[in-house]
Amino acid sequence: DGGITQSPKYLFRKEGQNVTLSCEQNLNHDAMYWYRQDPGQGLRLIYYSQIVNDFQKGDIAEGYSVSREKKESFPLTVTSAQKNPTAFYLCASSTRGTALANTGELFFGEGSRLTVL
Amino acid sequence: GNSVTQMEGPVTLSEEAFLTINCTYTATGYPSLFWYVQYPGEGLQLLLKATKADDKGSNKGFEATYRKETTSFHLEKGSVQVSDSAVYFCALIHGSARQLTFGSGTQLTVLP
């Protein structure tokens, strides 16, 4: 079945370590997104990519990095520079950013919960 | 900039009660508006949408009407079920933006 797969589902990190969250989609979508979800704060955009080899910072990009070497994959690295990384991370995709205003449909993965020990 | 404000939760209702979750927005012009739902342990799913003023989006018994005059998009359901327990997010996209702006989410719990 088509969809978005995030891994791992749960991840523990020691302070000072970088960790990478995986996001893979087989929907043939051009655009991919990373959101961070904290209790009471909703979803905040970290990075997004409209096309392979191109990505833009969202509202809270500091301490994070991404790559988009393949259409299907958009991994997120949480670096040691991120001071408060404990959160739930959601990856999403859409057909094209330019079409999003009409369809409104982001397809989400099931999320990865990162805890800093 | 664009923003979305939702009523604070959590909201707890008995089965078959009437549900309203308020959502207001700030944006210039005419954004498209959406409601997403997040069931426990899952990612978000699009519930309904409205792309122009006075449009009514509906799905699974839920409805929301795009009110330009009050900049609102309140979510309603006439009779909630236990299975509706979830977090509900209001969102918008406007103009040339390439991503959605989400509200803070409202936790709904329906008791049998």
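The values are calculated or read from the model by the stated rules, or taken from the named source; none is laboratory data. It should be emphasised that the depicted structure is a prediction, and the values quoted were computed from it without experimental measurement. Cβ coordinates were reconstructed from backbone atoms using ideal geometry, including for glycine residues, and neighbour counts include every protein chain displayed. The area values use the complete protein model at the heavy-atom level, side chains included, leaving out ligands, DNA and RNA. Shrake-Rupley method; radii C 1.70, N 1.55, O 1.52, S 1.80 Å.
How large is the direction-averaged shadow of the alpha-carbon convex hull of chain A, in nm²?
On the way: hull surface 28.3 nm².
Computing the convex hull of the Cα atoms and averaging its projections yields 7.1 nm².
Can you give me the accessible area per residue for chain B, using a 1.4 Å probe, in Å²? Don't skip to the answer; put the middle values down first.
Working: 5070 Å² over 112 residues.
The answer is 45 Å² per residue.
Where does region A:8-74 land on Rg(C-alpha)/(2.2 N^0.38 Å)?
Compared with the compact-globule rule of thumb, region A:8-74 sits at 1.17.
Taking θ as phi - 60°, what are the ³J(HN,Hα) couplings along region B:107-112 by the Karplus curve (6.51, -1.76, 1.60), each to the nearest whole Hz, with x for Gly and Pro?
Residue by residue, region B:107-112 yields 7, 10, 10, 10, 9, x Hz.
Please compute how much accessible surface disappears when A pairs with B, both sides summed, using a 1.4 Å probe, and round it to the nearest 100 Å².
1700
Could you list which residues have their amide H under 5 Å from that of B:Leu47, counting only those 5 or more apart in sequence or on another chain, with H placed in the peptide plane?
Distant-sequence amide H within range of B:Leu47: B:Trp35, B:Tyr36, B:Val37.
If you plug each phi of region A:11-19 into the Karplus form 6.51 cos²θ - 1.76 cosθ + 1.60 with θ = phi - 60°, what whole-Hz ³J(HN,Hα) values come out, in order, with x for Gly and Pro?
8, 10, 10, 8, 4, x, 9, 8, 9
Would you please give the residues with an amide H less than 5 Å from that of B:His74, counting only those at least 5 places away or on a separate chain, with H modeled from the backbone geometry?
Placed amide hydrogens put B:Cys23, B:Thr65 under 5 Å from B:His74.
Just checking the output field for B:99-107: average partner chain Cβ neighbours within 10 Å of each residue's Cβ?
That average works out to 6.
Which of A:Lys71, A:Lys14, A:Lys57 moves most in a GNM of chain A, Cα contacts under 10 Å?
A:Lys14
With labels modelled as points extended 7 Å from the Cα through the Cβ direction, what inter-label distance (nm, one decimal) is found for B:Ser83 paired with B:Gln45?
Placing both labels 7 Å along Cα→Cβ, they lie 1.0 nm apart.
Calculate the mean, over all residues of peptide B:41-53, of how many other protein chain Cβ atoms lie within 10 angstrom of the residue's Cβ.
The mean count of partner-chain Cβ atoms within 10 Å per residue comes to 4.
Under the definition of partner shielding as Cβ atoms of other protein chains within 10 Å of a residue Cβ, what is the mean value for peptide A:34-41? Don't jump to the answer; show the numbers that get you there.
Numbers: counts 0, 5, 0, 7, 1, 3, 5, 3.
What the average comes to for A:34-41 is 3.
Take B:Lys68 and A:Thr86, extend 7 Å from each Cα along the Cα→Cβ direction, and tell me the distance between the two endpoints in nm.
Result for the modelled spin labels: 4.7 nm.
When the Karplus curve 6.51 cos²θ - 1.76 cosθ + 1.60 is applied with θ = phi - 60°, which whole-Hz ³J(HN,Hα) does each residue of region B:4-20 get, with x for Gly and Pro?
Karplus values, whole Hz, x for Gly and Pro: 10, 10, 10, 4, 6, x, x, 10, 10, 10, 8, 4, 6, 6, 8, 10, 9.
For a quick check, take a GNM of chain A with Cα springs below 10 Å and name the residue from A:Glu15, A:Glu24, A:Glu72 with the largest mean-square fluctuation.
A:Glu15
In terms of Cα to Cα distance under 25 Å, which lysines are near enough to B:Lys52, apart from those fewer than 8 places away along the same chain?
Output for B:Lys52: B:Lys60, B:Lys68, B:Lys77.
About the Cα centre of region B:33-112, how large is the charge dipole given +1 on each Lys and Arg Cβ and -1 on each Asp and Glu Cβ? Please answer in debye to the nearest 20. Write down the numbers at each step before the final one.
Numbers: 8 positive and 7 negative charges, 42 e Å.
The dipole magnitude comes to about 200 debye.
How big is the Kirkwood radius of the protein assembly as shown, worked out from every pair of different alpha carbons and given in Å to one decimal? Don't jump to the answer; show the numbers that get you there.
On the way: mean 1/r = 0.0554 Å⁻¹.
Hydrodynamic radius (Kirkwood, Cα only) of the protein assembly as shown equals 18.1 Å.
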